[in-house]
Amino acid sequence: MHPIVILGSGLAGYNVARELRKLDQTTPLTIISADSGSFYSKPMLSSAFGSGKTPQSIAMSSAEQMAAQLNATVRAKTSVTAIDTAAHTLSINGEILAYSKLVIALGAEQIRLPIEGNAAGAVMTVNDLDEYANFRAALKEQTTVALIGAGLIGSEFANDLTSGGHTVHVIDIAAWPLARLLPSESGALLQQKLAALGVTWHLETSVTSIDQAGDKLKVTLANATVLDTNVVLSAVGLRPRTMLAQAAGIQTRRGIVINRLHETSAPDVYALGDCIEIEDLLLPYVMPLMTSARALAATLAGKATPVSYPAMPVLVKTPAWPTIVSPPAAGASGAWEITSDAEGLKALFKAADSKLLGFALHGKATAERGALTKELPPVLA
Ligand SMILES: Cc1cc2nc3c(=O)[nH]c(=O)nc-3n(C[C@H](O)[C@H](O)[C@H](O)COP(=O)(O)OP(=O)(O)OC[C@H]3O[C@@H](n4cnc5c(N)ncnc54)[C@H](O)[C@@H]3O)c2cc1C
């Protein structure tokens with residue numbers, strides 16, 4: 001009997017394996033991963049520095065330990081190069097491996113902006129443990145970091161690195177941090193709180209070039225500001241890894257297209273996690289992939305189980321200004337209602353009939369998360 005093969009050992013790949021093993025202990029299972037196959041919580045990467053976590057201490061279990069726990073074969077440092085959906089096989093640089101069912105959990109990759117200059121290649125990204133280790137190694141005492149991107153990950157890094165004693169400049173074309181998730185009043189306060197911690201903001205501008213200047217990197221912005229930095233970190237967003245699926249003829253749009261059963265357009269090929277698109281939605285967070293993992297495991301174990309997602313607020317790891325956000329669905333019609341005092345801010349996005357469609361909570365108002373989440377509509381009923 002050919003194994004169920006899972007591509008990817010991120011939270012999506014390992015969680016669907018764990019959920020499957022609760023239902024089925026014996027079907028042969030193989031997990032293939034381009035990285036080390038260590039089990040770790042990726043969200044820690046943007047908050048680990050301030051708490052002094054090393055790459056080694058972030059990895060909770062090695063590939064060997066995961067293989068033993070899951071009664072599975074884990075092939076680490078192994079890149080799949082092609083999928084043949086008709087033959088039910090994978091190719092690993094010429095080696096052919098047959099599968100009974102295939103689960104694609106290939107995640108998403110960092111978007112790289114086009115930047116000029118002789119040191120444009122020095123831009124770092126942090127999207128896995130190896131990249132985190134490289135980034136940590138580049139940080140010396142009191143490093144000056146130019147951080148491109150003031151979204152969720154960029155703002156978290158800004159808080160974390162500043163708390164760790166580094167000098168941080170954040171550059172973003174938006175007018176306030178987390179502009180895609182927060183109303184302007186909310187974003188402006190987050191900006192102020194992080195500025196009070198020491199973050200310098202360069203908003204409504206972008207990086208045009210990066211050049212080596214002695215042992216420094218000279219970062220030139222579109223507004224003509226020039227920053228002398230040691231390290232440039234980019235966190236401008238993630239794009240689902242669709243290439244392998246696309247080359248195999250599996251339907252992709254922004255992500256790998258799946259239905260509620262996590263089925264792709266190819267027989268016996270499923271997908272979950274950051275690489276998927278479901279009913280026009282990308283859901284690149286931990287809660288959706290955990291929900292997916294439970295439903296897909298049941299489907300793989302023989303009980304077809306459609307997924308539905310409740311409202312899933314995201315905790316933004318900015319201790320300088322605790323923030324929880326559940327943005328309204330794209331295109332939702334309504335308006336923000338904002339109340340604030342010295343200790344917190346509550347932004348509620350309401351429809352014309354007063355129904356709550358989204359929220360952003362800061363400071364003391366984060367305590368209302370549970371009650372308000374119950375009022376929100378599900379992401380997919
Ligand atoms: C810094 C940071 C902070 C975050 N913070 C939060 C947060 O606070 N809350 C939240 O909900 N979400 C957060 N997220 C998002 C969350 O971490 C992701 O949604 C989640 O980790 C995605 O898991 P995944 O398994 O789908 O993808 P990944 O973890 O990207 O896993 C993809 C796997 O595919 C493997 N792979 C890729 N190509 C190949 C190939 N060709 N062959 C074999 N294997 C391959 C990789 O090696 C990897 O094992 C954060 C993300 C980042 C980067």
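The numbers here are math on the coordinates, done by the rules we state, and not lab data. Quantities reported herein were computed from a predicted structural model and do not represent experimental measurements. So basically every Cβ, Gly included, is an ideal-geometry build from the backbone, and we count neighbours across all protein chains shown.
Between V74 and I31, the built amide H atoms are under 5 Å apart, and every one of these is 5 or more places off in sequence or on another chain. In the chain, helices alone account for a calculated mean residue ellipticity at 222 nm of -6500 deg cm²/dmol, with every DSSP H run of four or more residues adding -39,500 (n - 2.57). Using the Cβ-Cβ distance between K350 and Q142 with R0 set to 45 Å, the FRET efficiency from 1/(1 + (r/R0)^6) comes to roughly 0.50. Cross-link partners of K101 among aspartates and glutamates, defined as those whose alpha carbon lies under 13 angstrom from its own and excluding same-chain residues fewer than eight positions apart: D84, E263, D268. When only Cα pairs below 8 angstrom with a gap of at least 6 residues are kept, the chain shows a relative contact order of 16 percent.
Just check the range 170-268 against the gyration tensor rule for me: Cα atoms, a ≥ b ≥ c as the square roots of the eigenvalues, rounded for a/c under 1.5, and otherwise prolate or oblate depending on whether a/b exceeds b/c. Oblate.
Shown in residue order for the range 201-212 are the 3J(HN,Hα) couplings computed by the Karplus curve 6.51 cos²θ - 1.76 cosθ + 1.60 at θ = phi - 60°: 9, 10, 9, 6, 8, 8, 8, 9, 8, 10, 10, 6 Hz (x for Gly and Pro).
Summary of the geometry: the range 244-319 and the range 204-231, compared by the centres of their Cα atoms, lie 39 Å apart.
Would you please put 330-336, 205-211 in order of how densely packed they are, using the mean number of other Cβ atoms within 10 angstrom per residue and starting with the highest?
205-211, 330-336
The Cα atoms of the range 26-128 give a gyration tensor whose axes a ≥ b ≥ c have a/c of 1.5 or more with a/b no greater than b/c, which makes the shape oblate.
With a ≥ b ≥ c taken as the square roots of the eigenvalues of the C-alpha gyration tensor of the chain, please select rounded if a/c is under 1.5 and otherwise prolate if a/b is larger than b/c or oblate if it is not? It would help to have the intermediate numbers written out before the result.
Numbers: a/c = 1.93, a/b = 1.31, b/c = 1.47.
Oblate, because a/c is 1.5 or more while a/b does not exceed b/c.
Taking R0 as 51 Å, what FRET efficiency do you get between A342 and K53 from their Cβ-Cβ distance, rounded to the nearest 0.05? Once the sixth-power term is evaluated, E becomes 0.95.
Each residue of the range 375-381 was assigned a 3J(HN,Hα) from its phi angle through the Karplus expression (A = 6.51, B = -1.76, C = 1.60, θ = phi - 60°), giving 7, 6, x, x, 5, 9, 5 Hz with x at Gly and Pro. Between helix 184-197 and the chain there is an angle of about 70 degrees, using the helix long axis and the longest principal axis of the Cα atoms.
With all pairs of different C-alpha atoms in the average, the Kirkwood value for the hydrodynamic radius of the range 38-91 is 13.7 Å.
Spatially, the range 87-113 and the range 25-66 are offset by 19 Å when compared through their Cα centroids.
Rg/Rh for the range 322-375 to two decimals, with Rh computed the Kirkwood way over all alpha-carbon pairs.
Working: Rg = 10.7 Å, Rh = 11.2 Å.
Ratio of gyration radius to Kirkwood radius for the range 322-375: 0.96.
The phi-based Karplus calculation (6.51 cos²θ - 1.76 cosθ + 1.60; θ = phi - 60°) puts the 3J(HN,Hα) values of the range 120-130 at 4, x, 7, 4, 9, 10, 10, 10, 7, 4, 5 Hz, whole numbers, x for Gly and Pro. Taking each of K77/K140; K346/K374; K317/K350; K193/K374; K53/K346; K22/K364 in turn, the alpha-carbon distance tops 27 angstrom for K77/K140; K193/K374; K53/K346; K22/K364.
In the range 112-234, one over the average inverse separation of all distinct C-alpha pairs is 14.5 Å, which is the Kirkwood hydrodynamic radius.
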